[in-house]
Ligand code: SF4
């Protein structure tokens, strides 16, 4: 049984959040609102930073080098709270299963 206090829109495993890494500034609103703890926000490794564009690396430098990761994406119940909460409009929900 889910402990989610928000009525879910889909069973877990049908949708997952997709984070636009060119937009995410690691402000952690997604982490705060997600009722099923999908997200983690952490500092990027040197190797991860090297995969980002020059503009994104510059933004990371300004914002403490952190970004959000959907580390438990399989828990997502498509409530949409993270999409609404992200101030950078960096999150979309993507259907991953029928
Ligand atoms: S839509 Fe976002 S806030 Fe809602 S369960 Fe999925 S990841 Fe969490």
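Bear in mind that the values in this text are calculations on the coordinates, not laboratory data. This one's a predicted model, so the numbers in the text were calculated from it and none came from an experiment. Cβ sites come from the backbone with ideal geometry, for glycine too, and all protein chains shown count toward neighbours.
Estimated at 0.36 nm per residue, the fully extended path between residue 85 and residue 20 surpasses their Cα-Cα distance by 22.0 nm. Here the spin labels are modelled as points 7 Å beyond Cα on the Cα-Cβ line, and at residue 37 and residue 10 they lie 2.3 nm apart.
Semi-axes of the equivalent ellipsoid for the chain, please: Cα gyration tensor eigenvalues, times 5, square-rooted, ordered largest first, whole Å.
One finds semi-axes of 26, 13, 11 Å for the chain.
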